[in-house]
Structure formats: C-alpha cells, structure tokens
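Trainee: Could you have a look at this structure, given as structure tokens, before my questions?
The values are calculated or read from the model by the stated rules, or taken from the named source; none is laboratory data. Keep in mind that what you see is a predicted model, and the values were worked out from it rather than measured. Please note: Cβ atoms are built from the backbone with ideal geometry, for glycine as well, and neighbour counts cover all protein chains shown. Accessible surface is based on the protein model in full, side chains and every heavy atom, while ligands, DNA and RNA are left aside. Shrake-Rupley method; radii C 1.70, N 1.55, O 1.52, S 1.80 Å.
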Amino acid sequence: MERIIKVIALMNHHLVIAEIDEVAAADIGQPDCKVTKPFIINTESGQTILEPYLNTVTRDESFMMGSDKILTLVEPTPTLLEKYLDLTKE
C-alpha cells in the first residue's frame, strides 16, 4: 500500500507533515482522519526543523483528527519529503 504523505495546515496555524488516511467517522463530528508519524514543521530559526507532534505528552505515533481542524493538505517539497522519510524510516 502506498503511503500518502502530506503537509497539513491546521486551523491553529501549525504546519504538520504526516502520513494521512481518511476513515469513516462513526458519528457526525467524530475524527475522520488518521495521521501517522506526524511532525510539526518549525521554520522560525530560518531552518526547517521537524519536531514530533505532541512528543511532550505521548509516545503514540498515530492520532485521529477531525477534518474540520484542517485548512488544507498539500504535497511536501522534495527536500521536506526526504527529511521526513529519513526520520520515519523503520
């Protein structure tokens, strides 16, 4: 199965890169996107640094997220994709 890796612009202005799968929500308003191995994209220092998402509170690598929290999904640049794949290789 091919991995779908996207940059996710969230409503809270964070940028996240992750593998993403759309899943059927059991009820209206329930999370309907599964993000796997998400990393926050931090560019404040002038460099692109990937930081594990929620790493201070959990070691989980998969999260459910409501699509209403997502502004848009875009393809990562080749350099960003390479950096992400290097960090997530098994």
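Trainee: How large is the helix-only mean residue ellipticity at 222 nm for the chain, computed as the sum of -39500 (n - 2.57) over DSSP H runs with n ≥ 4, divided by its residue count, in deg cm²/dmol to the nearest 500?
Mentor: Result for the chain, helices only: -3500 deg cm²/dmol.
Trainee: Using alpha carbons only, how many degrees (0 to 90, rounded to 10) separate the axis of helix 78-88 from the longest principal axis of the chain?
Mentor: Once rounded, one gets 70 degrees.
Trainee: Further question: Rolling a 1.4 Å sphere over the protein heavy atoms, what is the accessible area per residue of the range 17-81, to the nearest Å²?
Mentor: Per-residue value: 68 Å².
Trainee: Roughly how many debye, to the nearest 20, is the charge dipole of the chain about its Cα centre, given +1 on each Lys and Arg Cβ, -1 on each Asp and Glu Cβ, and no other charges?
Mentor: Rounded to the nearest 20 debye, it is 160 debye.
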